Amino acid sequence: GIAVAKSEGKHLGRPTVIIDVKKFKEIYKAWKAEEITAVKASKELGLSKPTFYRRIQEYEKAMS
C-alpha cells in the first residue's frame with residue numbers, strides 16, 4: 001500500500017500546518033524578548049508547543 005502510494009507521488013503523513021509569516025515574526029520577536037511565554041505564543045499561532053519550537057528552529061536556521 002505505502003509503496004504504491006509513493007510510486008503514485010501521493011503525500012504520506014500529517015499535512016503541514018500553514019501559518020501567517022507576518023504574525024509569526026511578530027510573535028517570535030515578542031517571545032524572544034521574553035514578553036510572552038512559549039505556551040501563549042503557540043496558542044496565538046494555533047500550534048502545539050513542539051511545532052512552535054520546530055518552526056523557531058527552522059526560522060533561526062533560515063536567518064543564519
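The values are calculated or read from the model by the stated rules, or taken from the named source; none is laboratory data. What you see is a predicted model, and the numbers here were worked out from it, not measured in a lab. With ideal geometry, Cβ positions are generated from the backbone for all residues, glycine too; neighbour counts draw on all protein chains shown. The area values use the complete protein model at the heavy-atom level, side chains included, leaving out ligands, DNA and RNA. Shrake-Rupley method; radii C 1.70, N 1.55, O 1.52, S 1.80 Å.
For (1) free of Cβ contacts under 8 Å to residues at least 24 places away in the same chain; (2) assigned to a loop (DSSP other than H, G, I, E, B); (3) open to solvent by less than 70 Å² (accessible area, probe 1.4 Å), each residue gets a yes or a no:
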residue: Ala3; (1), (2), (3): yes, no, no
residue: Glu44; (1), (2), (3): yes, no, no
residue: Phe52; (1), (2), (3): yes, no, yes
residue: Arg55; (1), (2), (3): no, no, yes
residue: Ala62; (1), (2), (3): yes, no, no
### Query
Checking Pro15 against (1) modelled with pLDDT under 95; (2) outside any helix (DSSP H, G or I); (3) open to solvent by less than 100 Å² (accessible area, probe 1.4 Å), which test does it fail?
(3)
### Query
Do we have any residue at all in segment 31-38 that's surrounded by 11 or more Cβ atoms within 10 Å (Cβ to Cβ), within 15 Å of Arg55 (Cβ to Cβ), of a type outside the set (A, V, I, L, M) and at pLDDT 95 or above?
yes
